[in-house]
Every structure is written in C-alpha cells, then in structure tokens.
1. Which residues, taken from the range A:240-254, are touching a residue at least 40 places away in the same chain (Cβ under 8 Å) and small (Gly, Ala, Ser)?
2. Between a first residue in the range B:623-638 that is surrounded by fewer than 20 Cβ atoms within 10 Å (Cβ to Cβ) and a second residue that is at pLDDT 70 or above and not in a helix (DSSP H, G or I), which pairs have beta carbons less than 8 Å apart while being 6 or more apart in sequence or on different chains?
3. I'm told A:Gly60 meets every condition in (1) over 23 Å from A:Gly318 (Cα atoms); (2) at pLDDT 80 or above except one. Can you identify the failing condition by its number?
4. Give me the helices (runs of 4 or more DSSP H) completely within the range B:218-324, filtered to those with at least 1 residues that are modelled with pLDDT under 85, within 14 Å of chain A (Cβ to nearest Cβ) and farther than 21 Å from B:Gln193 by Cβ, ordered by residue number.
5. Could you tell me whether B:Thr60 is closer than 12 Å to B:Leu28 by Cβ, of a type in the set (Val, Ile, Thr) and in a strand (DSSP E or B)?
6. Mind listing whichever residues of the range B:347-376 are over 13 Å from B:Ser465 (Cα atoms), assigned to a strand (DSSP E or B) and more than 14 Å from every other protein chain (Cβ to nearest Cβ)?
7. Collect the residues in the range B:24-48 that are free of Cβ contacts under 8 Å to residues at least 60 places away in the same chain and outside any helix (DSSP H, G or I), keeping them in residue-number order.
8. Do we find that A:Thr26 is within 14 Å of chain B (Cβ to nearest Cβ) and either out of contact with any Leu (no Cβ under 9 Å at 6 or more places or on another chain) or under 26 Å from B:Asn58 (Cα atoms) (or both) in this structure?
Amino acid sequence: MPDTQALVNDFLNKLKKRKIEGSQATAKQTAELLRSVISQTRMPYTNQASALIHSVKAVGERLIAANPVELAVGNVVRRVLHIIREEDLSLTTAAMAGLNLSAESDDEDDTDRDNHPALSAAAIAAASRSTLRPPSLQTLLEDVPDSAAVPHTSSSGGDSEGKSKSADKSSRSRKLKHDVIEAVNELIQDISTCRELIAEQAVEHIHQNEVILTLGSSRTVLEFLCAAKEKKRSFRVFVAEGAPRYQGHLLAKELVTRGLQTTLITDSAVFAMISRVNMVIVGAHAVMANGGVIAPVGLNMVALAAQKHAVPFVVLAGSHKLCPLYPHHPEVLLNELRSPSELLDFGEFSDCLDFGSGIGAPLLHVVNPTFDYVPPKLVSLFITDTGGHNPSYMYRLIADYYSADDLVLERRTASGN
Amino acid sequence: MGAQKKGATARVSEDPEELARHPLQAILLADSFTTKFRPITLERPKVLLPLVNIPMINYTLAWLESAGVEEVFVFCCAHSKQVIDYLESSEWSSQPNFSVTTIESHNSISAGDALRLIYERNVIHGDFVLISGDTVSNMSLTQALQEHKDRRKKDANAIMTMVVKQSKPSPITQQSRLGTDELFMAINPVTKQLLYYEDKAEYSKGFISLDKTLIADNPSVILHNDKQDCYIDICSQEVLSLFTDNFDYQHLRRHFVKGLLVDDIMGYKIFTHEIHSSYAARIDNFRSYDTISKDIIQRWTYPFVPDVLCGSSAIKVERQGTYRASERCTIGSNVTIEGSYIWNNVTIEDGCQLRNAIVCDGVILKSGAVLQPGVILSFKVVVGQQFVVPAYSKVSLLQQPTQQDSDEELEYADSTSGTGELRSDKLNGDIAPDLSEIASELGTGGVGYIWKVFEGAYDEEWRHSVAPIPTDKLVKLMLDRDEDEELLTQDGNIISASGELKTDSDGNGSEDDDNEDSRDDYVSFEKEVEATFLRAVHENVKVDLAVLEVNALRLSYNMASVDCGGAIFYSMMKLAVESPHNSASELHRNAADIVTTWQKLLKSFLHDIDEEIEVILKFEEMCLESAKEFAALFPQILHLLYDKEILQEDAILRWADEKEGADESDKVFLKRSEKFIQWLREAEEEEEEEDE
C-alpha cells in the first residue's frame, strides 16, 4: 500500500507540474497507476466490486483534480471503473447461470470457469454491456431475452450471492481482481497501439495525388500520413505552423525526413490554400460526447475554412480521447492559459508591462490559450482505433466505453471540497 | 498530442552523471533581512505572505523542485518558528526526491551571517543554488548549471553565475518595473563575465564612473541598464568560505558582489546567465509585490500559477481566465475596491473605498472608511467609521519601533521582530483598555497605530508603494528631467569628446543631446558644403554636378534647403575673403567674380523669399563675426546680389522691414544700406506709377 501511495503522489506531482504532456502518455500512465492501485487494494469479504470502485474513485478524483485540463486522465479513470463494473456483472451473471444450470455442484461451476475464464468473461461482458446503455434498435434485435433478464440479477445478485455462497465468494474475489487486471492490461494495450490501429486505415482515406492539410503537430497524424506513404501513395502535405508553439515546423521536418512532399504555411494562410486541399487531417486533444473537438488553438479557423470550401475535415483520435462529458458541462475545463512568453519576449516588452505608472495597469495584455473548440457540425469524420465514425455517433461509442454511473465523478469532487 | 511530449522529456532529462555525483542543493533564505515590508513583517515572515493567495515560499520551493534541485536548506531567522511550522505542515515535508531541511538561527542579521552559519554546518557539498524565499521563477536551471560547470572546469575561479533578465527601466523614474532602482552592469559580451555592478547609482551626477583597467583588460565591454537582477545565483562552495573569510560581508550584492569585483580577491570571477523566455523576479518591495502578483495572474510564471500550485480546488481558473478564490471575507454593499490586495478574513463594511491598498488578515473597515492609495493595513487593524487613512501610510497594531539604524537595508531583524512578537501578545491581551487611547489615531472605534514616516523618506515612499505612481509625480519628474537635460546640454560640449561611452553609460541616454547634436550637425554640414564648394572651384566642376553634390550632403545631414543656401553663400564669401586682395574694391571684385561664376549654384537653392532672407541674415552674421572686412562692403554686395537676380527686391525689402523693429546695434547694416533700399523703394513706386 505505501508504495502505491508514493506512486500516486509522484504521478500527481507530475500531472500538477504539467510534466507529462500528451494525452496518450498520460492515459497510459494513468491506466498503469490504476492497475497497481487495484492490485494493491485489499479485497473485503463482501461487495468487492464496490470496494474496488471506491479505491479507484478515490485515486481518480485526485488525479483529475491535479490536472483538470487533461481530460484523458478522467477518461481512463472512468473506463477502469466501467471495466470493474462489467467484470463484476459478468461474474454474477455467470454465477447465476451456473446456479441455474447446475445448482447442486458449486465446485464444478468454479472449475468450469477457471478453464476458460477470458472467453466467458468477455462474452458475458459483451452481453451485459447492452444492459448499461439505453436500448438501441441493434440491441433490441440482437438479444431481447438476455437484456431483459440481466438487469434484475445485476442489482441484487452480488449481495444475495454473498450471503448464500461464502466459499464461492473467496474464489470469486480473487477472480474479480484477476479479471479486472486482465481487462486493464487490455486497455493499456489498446492505448499503446491506438496509433497503429488508426494509421492502418490511412490508405482508405488518402488517395493518389491528393493534397492534405494539417495544423500544428500530432504524432497520430504523423503516423497516419507515413502509413499512407509506406503504402506507396503519393500525395502532398500542407502544414500550418501552429503558432505560437510552431510545432508545425517540427512536423514538416519529420515529414520531409520520411520522404513526403511538404509545404509549410503560416496559420493565417490556411484560408488562401484551402481551395487546393482535398482533405484536412488533424489530431485532437479530446473529443467530447457531442462530437465536438477540443484541439490545439487555430483549428476552429481551419475547420471553418474547410467548411467554406467543402473540404472534408477529419479528426484522428484514439479512443482514450473520447470524453463522456459535454462541453457545456461546468466541470469541463476547456482551456489552459499558458505563459505569454511563448508569444513575445518579456524583456523586450517589459516597459509596456509596467504596472507602476499611470493607471496602475499596463495597456498591453497577452493571452495565450492552448485549445480551441471545434463544434461537431464542422467535423466530417472521426477516425478512432475502432474505425471511422460520424460526430453524431460519438455518444454511442461513449456508451460502449463508460457506464453512466461514473459520469458524475467530477461533480462529486467539486461539491466534496 | 504526441508531439507535446518532446518538451517535457527535454526538461526532465538532465545530465545523469552530474546529478549522480552531487545531488543538486539549494540554500533558500527565508528572510530578506530588510524592513521594506514592515509593518506586516513584524507579525508574519515575508516568505509566508500570500502572493495571489499562496505563500511566497511555495513558488520558490515549487520552482526549485521542478528545476531538479533535490535538497533545499531553508534558512529561517525572523519568525523562524512560523516558517518551520508552516513547512512541516505543508506538502513539502513529504516529497519524494526533494528534501527540505530547515536551519534556524536567532542571531543572524544579514545574508552574510546566514551563509557563514551554513558554512559552519558543513552541509553543502558542491555547487548550489542561492535564492531568497521571495523569488518567483519558472526558468530551467539545466542550461545555466551546465554553463556554470563548464566554466568551472576551465577556470576554477569562476565561482558564481548570476541570473539576469532583460527589463527596461522607466526613463522617468529611473526604476525598474519592480520598483527597484535602475541597475548598471558591465558585462563582457563574449565571456559573460560580470565586471561592474551598481544598483545605487547617483542620478544627480548624471554619469557613472568605470575603472580604467576594466576597459583596458577587456576587449569589449557592454554596459547595461536594462537588465534586471533575478537574485538567483548558482554558486560554488567557495562562495561560502569567502563569506567566512570576509566576516564584514553582509549584503549579497552590495558587499559580496561588489567586493569581489572591486577588490579582485584572488581573481575570483562572477558570470552572468541571461534568461529570455522564462520568468524570474524577486519581491523586494510593495511595488514588486504588486507587479509580480499581476504577472502571475497574467500567467507569465506558468506553470507556477495558483490553480496549478494549489492542490485543492480552492482556486480554479474559470472560463475567461478569471480566478475565483474563497477568502472568507465579508464585503458590504456600495464598496469600491480598486487594485487592492485583500487577504483572508477581512471585513469591509458598507460604503468603504479602497484604492491600491494592501489589507492583511483580520482587518475590519468600519462603514465609510476610505483608504487612499498606497495604504498598508497590517493584521487585525480596525479602521473607524468615516475615517480617511492618508496615502502611503502604514498602519499596524504594533507601535513603530524606534529606528536604530539609519541603513535601512541592514536591519537587525531578529531583535526587533522578537520583541515585536512579544508586544503583540501583550497588546492582544489588553486591547480593551488601550482602545480609547489608540482610537484617536484611526477614528472612532479604530484600533492601530499609524506609523510615522521619517523625514526625507516620505519623498521616496511612492517609489516602492503598491499604488501606481501618481500622474502629478510623473509630470514633475518629467520636468525635472528636462531641466537636467538642459544642464547636461550645457556640459555636453565638454563631455561629448568621449561620445560613445557616454551614450551607453549615461542612464539619460542619447536623446538628451539632441539639441546640441543638431547644432553640431549644422556646423559640420557647413564645413562639408564649403569643402565641396572649394573643390568645385578648384577643379572646375560643372555647376550641375555641384548642385547634385550639395543636395546629397543636404539629404545625408537631414538639412533644409534654407540651410544649403546659407551654407553655400557662406562658402562663397569666405572664398572671396581668403583669395588675395589689397583693398576693399578688390575684395568687392573678387566677390563679384565668384558670385557671377556660381550664381546658378546659389540660385538653385533659393526657391522662395524666406530662403533669400536667410542668405541676407547669414551675410549679416558673417560681417559681424567671421569676415569683418565685408562690413564696409555690405550695401555693395547686396546690390551685386540684386543685380545678379539672386535676391529679389521683395526679399531685401522684407529684410529691411523686419530689421526696422530691431535694436539699434542690429540696425548697423540696415543703416549702411539705407540708400540702396531707398532706391529700391523708389524704383518700385515708379514702376507702380508707370503701371497706372
């Protein structure tokens, strides 16, 4: 326990000092941290799932508070919570099913599940997932009888089980933890391979002799473009430099070393160039539940330009960037104001920033926001590791990944303090 | 964003070898050893004063931690118990890889004493960062540290690297935006060695003096007045032993730095490291408290901004970048607060007015109280109803200690503050009986003493106050400066021989020579024109070419064509005087010859009457000063010019009219040419008559 505590503190510190940058790294580290938190949590005799949820939530709240702008942290915390719930659910339904089928032999049931645990858990999780989201046409068609039966057992199953079958319980408690850790491992795997998965789809979207425009720099975009290049597509890339951090310069350099025909333009030249562009491909900081995108500053302008000239605006985002919150949600911090020194040199302008004379405030103010918000109507397509999606489809994806109970995580934090 | 990671890894990756050998240490002086923050500092140490709601020391510690420092020694002196208690209860005591150790002392009265004590403890084992607990920064130490180490390898005498930052001082008040005096530094631009440091230059003198050897020894020296000392130093161990060897060193800058620079002890050298994009500043006085607070709110210190530093969600940057903090303050209705700092648990009743004041914890402003700009209210002061606290006054529950030392910097902080604490306890105990006695000072129901400002100090009060400098002060300063300039211009001719150095070294800078410069310019322009003209005469240059050349000169000297006409005429007449002649008539012939040959040149610069009048005036001036021989010939030459149609009769008549009202002495030439003018007038009349 103490060493997880130290790990948590260390990670909190890093988050606070903004030492980890990039959603993917943050997401991965959060997941790894939560994995160790789960493995260190002592399991009580009854109600293990809620114990796990409780400990993950406790850590998660602190992590989110440490850097509220990095939405990936909250996303991963919620996904881990969702995993716990799902695994718990799958175990109880399996136990119920086992009870129904072979009510006499408890031992057999256990051994049976031990033989092929991953298979059964996954299958039941998939089935139970449908119970967590509002019924869609698809689920209604697919498994009507199951979804009707499961909710009833899930709510009361854990407790009634615990009373009747204590021997089963202890094995199941170990089982739950084991399954959850397995699933979190899968999540970590997903996060670290999301770029490749996204890049695999590149050839379907980038065609011969096309002109692609991007702004700033995103590793996902870089790999996406390179994947298309490797498949012998020949196309050109316009890179808008992405003031004030000018990461577009780095991207252009990287693209050139990979042998791509690259043109660097200023951000303000985007509108002038957009008519020659076939497709805009950009990365995102986070994708909100309504399909809106929080992205590096300047992207809204690009999206508007693209809309004006009917150029498809494609956003690449790993599934860890899907945020179950809506941008109008008061807890969502849409922006971070970085140091104005990225814009101008303090020394050169220090005489304009004198507070000491005149009215006591300088006439010069410098504001340096990091992010822009692109409304869903400006986005043509999202490409995630699970494929291409419409902005209007985002909430469905989110329902797959998160359970509705966890969305309020942050509200509790805010009112708690 | 994947690419954002790069910055992070670059910042974290410090040379592992170097760090492995010596964990980087830092000495943090949790006492500034000054009295500038009195009376607040009598009750609470300066480093614990809230800066945008967070105690100052947190900014410093957070920076040290993120800059890769692993061990910090916090030197506490005044109110050491408060500092130690705070640190123990704060998060800093439980950080992994970052240890905070406190060193307590009760008899240190200066930074020098503190460093001597630390030397005795023998805890510093390598290079260390010396910083005071009121410094805010977000710079990366990696590069500065590397530079320092590289220099050390080459030259063991490079014992200290000072961090400086560009910051232009205000030309009017001669102080930086932090309220400190203008700082002069001489730096060798190649090696970055610091050669001269002066933070208390005397402006009345208008110049600073540098040691001659300084310029002799260094191939190039740049004198800066636009650098700000960040008070972040990277020191080698020798610094500590130097303080021990020179037991009279008290002040870090005034004694130590200057001592090293002036006395040249054992050839030790100090270098500078300039930071550009990052921020660093020290809170030295109330003005810098104000400035740095605002810088923090504007996020220059990112990531050390309150919403990041403060772990709890007490402070959050909300949308539109407004900060919201829970302060437990009660503010009544109809209250005006402008540019003020209000700390915790403050009660402000209805109808109060606060302008640019600092209001400490627990203060109560009764209804209708008015704080004028620059007021400091220390802890728990109560201001009575309708009472107006005069500008720049400092109010405290504690009585003002009698000043023992005229040198404000070298306060015996411990002794006074110790008694201060005692007294405060006593005061809190029997506040009720005292009430009536104190009440008079702060209106009815008021509690607290208004500190008296010492004679002479009052003038300086506005310089360091939280309140912006009032406009009338600025205007007054501006006027003073103009007067100074005039003085300087008079001296200018003598000093200007050292031209270049002066413009650099003098804070007032190049502009103040403008007047004198333009006169200088004209003289040299005239000389140039003359030379050109003479060349034209001797080499028989065509008139067109000469016109061209003079025109070029006119442009390069930025002169009007009026000046050209005068200058050319002057050169012509000078030539006439200088060419051999025996009598006045011969001189007249000379002049006539020259005028005839070069009339076209002269004419091409005389476009209107004003320019022609200028020529006459010039001629007059010549006759009086440089070429007195012409004095007798004045009317003849005038006639000659008229004949050659260089001067129109209008010009001559107008000149005459202008001169009519002048002094008798000025009329000499007018009288001499009276006949000619008379003739001109008559000719005119005749013409008019003919016309009729």
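1. Hits for the range A:240-254 are A:Ala240, A:Gly242, A:Ala243.
2. B:Pro635/B:Ser673
3. Just one mismatch for A:Gly60, condition (1).
4. B:286-297, B:306-309
5. For B:Thr60, the condition - closer than 12 Å to B:Leu28 by Cβ, of a type in the set (Val, Ile, Thr) and in a strand (DSSP E or B) - is not met.
6. B:Thr347, B:Ile348, B:Gln353, B:Val359, B:Ile364, B:Leu365, B:Val370, B:Leu371
7. Residue satisfying the conditions is B:Pro45 alone.
8. yes
The values are calculated or read from the model by the stated rules, or taken from the named source; none is laboratory data. The structure displayed is predicted, hence computed values, not measured ones. Glycine gets a Cβ as well: all are built from the backbone with ideal geometry, and neighbour counts include every protein chain shown.
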